[in-house]
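The numbers here are math on the coordinates, done by the rules we state, and not lab data. It should be emphasised that the depicted structure is a prediction, and the values quoted were computed from it without experimental measurement. Cβ coordinates were reconstructed from backbone atoms using ideal geometry, including for glycine residues, and neighbour counts include every protein chain displayed.
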Amino acid sequence: MTIHTKQITLPAGYIVINNKPFDINIMKKKFFNTNIYRNNSATEFIVENGKITEMGTNLPECDEEIDLKGKLIMPPYVDPHLHLDYVYTGRNDGGMVNSGTLFEGIERWHYIKKSQNKKDVKERALAGIREEVSHGIQFIRTHIDVTDPELTGLKAILELREELKDKVTIQIVSFPQEGMYAYKNGFEMVEEGLKMGADCVGAIPHFEWAREIGEKSIHKTVELAVKYNKMIDVHIDETDDVMARFIELLNALVMTEGIGEKTAASHACSFGSADNAYANRMIGLFKKSKINFITPPTENAYLQGRMDNYPKRRGLNRVKELLEEGINVCFAQDSINDPWYPLGNGNMMNILDNGIHLTHMASYQEIEKSFDLITFNGAKTMMIEDYGLTIGRSANFIVLNESDVFEAIRKRVEVLASVRNGEYLFKRKEPIYDLPLNL
Ligand SMILES: [Zn+2]
């Protein structure tokens, strides 16, 4: 392909800036006048070939210079737990939940999924991804239901993962929504999902028909992860049952195998209901294993506590206490209008805002570092090495409509732009009044 201008014909790979031709592979681009989250020393950085090559102040002049107008920037938001094959099925026939419980959601999905086809899943998932990316997310881990003889959802999302990889990173969990054993051949389907290219082993022990079978599913999850060298992400103890303690077994097994850092415990709601003596002992063991925790604040607040009269439990894991002990915890969206949760739109600022309220983490000191819960902590859980605004890493970042961290959280500001490998994925204007407020 060639690009024609009035004066010259440029070969492929060249663009014109200020009437001068530049080879985009050797062009230097400087982003300047910005406040970088967790970096007090740099206000600008240079990008070459999609990578950050210099950071600091008063850096040399570049071919292209982009004024970020003092705005706060940070690495992209991370959504480490989302069900892309379920998005927008919440208002389908039979999808509208009545009780608001996890178990009614699973029952409704059992019928809904029978009518889906690959094209339909791809279209819905792509629309869900668009919503997430438009809110500044560039990294998504998605649980895809493999308790389906056709593996329709998995085939669709494997294709999307490849098609979209330059714009958004997607990790897939081979997830048996209806049970590794409660569903006939569930274990075999999980293994097949891994062979087809899923990144993580999933399980749902609290949905199996007996505690022993749930335990068996945990053993098998860890065996599969070792056999296929995959990460683990288990829907675990997503219940208010104070005796639900599958987390204890998962933690012990991954610690024995030395794969705690590759393991995520999603939900672990019952840990918020467990007594303190048990919790204190377990927190010590979580520190040793280096296991990660994922909490979707809005979904768990919505789904849990449904059997309670008053007081009603919040249904969340002990996020604050885990973080205080140095254990990695991140927040997630989980659902976008599905049979489990009617709302959800991929806006991580909304997730963060709810999360810091529900977990009592809104002291001034906690607010200053709370963006970690939707950025760095999620990236750590997903084991993304090329993450963070650091020399040598890809120039992936978002621009927020505020210059200060505290004010950004207080005002719940929007993402104005998202940049991937030094190029804008989108950029929007700051909202302005058509008619100025006269106060
Ligand atoms: Zn989930």
HN-Hα J in Hz across region 29-40 - Karplus 6.51, -1.76, 1.60, θ = phi - 60°, x for Gly and Pro: 10, 10, 9, 10, 6, 9, 10, 9, 4, 6, 9, 8
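Just check region 159-237 against the gyration tensor rule for me: Cα atoms, a ≥ b ≥ c as the square roots of the eigenvalues, rounded for a/c under 1.5, and otherwise prolate or oblate depending on whether a/b exceeds b/c. Display every interim value, and only then the final one.
Working: a/c = 2.24, a/b = 2.06, b/c = 1.09.
Prolate shape, in that a/c is at least 1.5 and a/b is the bigger ratio.
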Euclidean distance of C-alpha centroids, region 63-98 and region 354-375, integer Å: 19 Å
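Using mean Cβ contacts within 10 Å as the protection proxy, how do 301-310, 393-402, 379-388 order, highest first?
On the way: 301-310: 16.4, 393-402: 21.5, 379-388: 19.1.
Final packing ranking: 393-402, 379-388, 301-310.
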Of THR57, VAL319, LEU285, farthest towards positive along the dipole that unit charges on Lys, Arg, Asp, Glu beta carbons give the chain: THR57
Per principal axis, descending, Cα span of the chain in whole Å: 74, 50, 48
Between 0 and 90°, nearest 10: helix 152-163 axis offset from the chain longest Cα axis: 20 degrees
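Quick check: net charge around GLU188, other residues with Cβ under 12 Å of its Cβ, Lys/Arg +1 and Asp/Glu -1? Could the numbers behind the result be given before it?
Values: positive: LYS184, LYS195, LYS220; negative: GLU191, GLU192.
Residues close to GLU188 contribute a combined charge of +1.
Taking each pair of different alpha-carbon atoms in region 175-309 once, compute 1/r for the pair, average those values, and report the inverse of that mean as the Kirkwood hydrodynamic radius in Å to one decimal. Working shown, then result.
On the way: mean 1/r = 0.0667 Å⁻¹.
Here the Kirkwood hydrodynamic radius works out to 15.0 Å.
Could you work out the local net charge near LEU253, counting Lys and Arg as +1, Asp and Glu as -1, over the other residues with Cβ closer than 11 Å to its Cβ? Don't skip to the answer; put the middle values down first.
On the way: positive: LYS220; negative: GLU215, GLU223, GLU248, GLU257.
That sum, taken over residues with Cβ under 11 Å, equals -3.
To the nearest 20 Debye, how big is the dipole of region 252-362 about its Cα centre, given +1 on the beta carbon of each Lys and Arg and -1 on that of each Asp and Glu?
Details: 11 positive and 11 negative charges, 52 e Å.
Charge dipole, region 252-362, about its Cα centre: 260 debye, nearest 20.
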Proximal lysines to LYS216, defined as alpha-carbon separation beneath 25 angstrom and excluding residues fewer than eight positions away on the same chain: LYS184, LYS195, LYS227, LYS230, LYS262, LYS287, LYS288, LYS290
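How big is the dipole moment of region 40-154 about its Cα centre under a simple scheme where the beta carbon of each Lys and Arg is +1, that of each Asp and Glu is -1, and everything else is neutral? Debye, nearest 20, please. Spell out each step's value before the answer.
Values: 13 positive and 20 negative charges, 135 e Å.
Dipole magnitude for region 40-154 comes out near 640 debye.
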Alpha-carbon Rg with Dmax, taken over region 338-432, Å: 14.7, 43
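Could you pull out the GluC sites (Glu not before Pro) across region 40-141 that fall in loop regions by DSSP (anything but H, G, I, E, B) with no more than 16 other Cβ atoms inside 10 Å? Before the final figure, lay out the partial values.
Values: sites: GLU44, GLU48, GLU54, GLU61, GLU64, GLU65, GLU104, GLU107, GLU123, GLU131, GLU132; in loops: GLU61.
Those that pass, being in a loop and sparsely packed, are GLU61.
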C-alpha long axis of helix 276-289 to longest principal axis of the chain, angle in °: 50 degrees
Under 5 Å, built H, 5+ apart or other chain: amide partners of LEU425: SER418, VAL419, ARG420
Under the Karplus curve 6.51 cos²θ - 1.76 cosθ + 1.60, θ = phi - 60°, whole-Hz ³J(HN,Hα) for region 416-432, x wherever Gly or Pro sits: 7, 7, 10, 10, 10, 6, x, 10, 5, 7, 7, 8, 10, 7, 5, x, 10
Translational diffusion coefficient (Stokes-Einstein; Kirkwood radius from C-alpha pairs) of region 275-386 at 4 °C, 1.567 mPa s, in µm²/s: 87 µm²/s
Sum of -39500 (n - 2.57) over DSSP H runs of 4+, divided by residues of the chain (222 nm, nearest 500): -9500 deg cm²/dmol
Whole-Hz ³J(HN,Hα) from phi, Karplus 6.51 cos²θ - 1.76 cosθ + 1.60, for region 350-355, glycine and proline x: 5, 4, 5, 4, 4, x
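Can you put ARG420, ARG281 in order of Cβ neighbours within 10 angstrom, beginning with the fewest? Don't jump to the answer; show the numbers that get you there.
On the way: ARG420 21, ARG281 10.
Lowest to highest Cβ neighbour count: ARG281, ARG420.
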Top positive-direction residue, dipole computed over region 310-420 with Cβ charges, set ALA395, THR375, MET348: MET348
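About its Cα centre, what dipole magnitude does the chain give when the only charges are +1 on Lys and Arg Cβ and -1 on Asp and Glu Cβ, stated in debye to the nearest 20?
Values: 52 positive and 63 negative charges, 73 e Å.
Here the chain has a charge dipole of around 360 debye.
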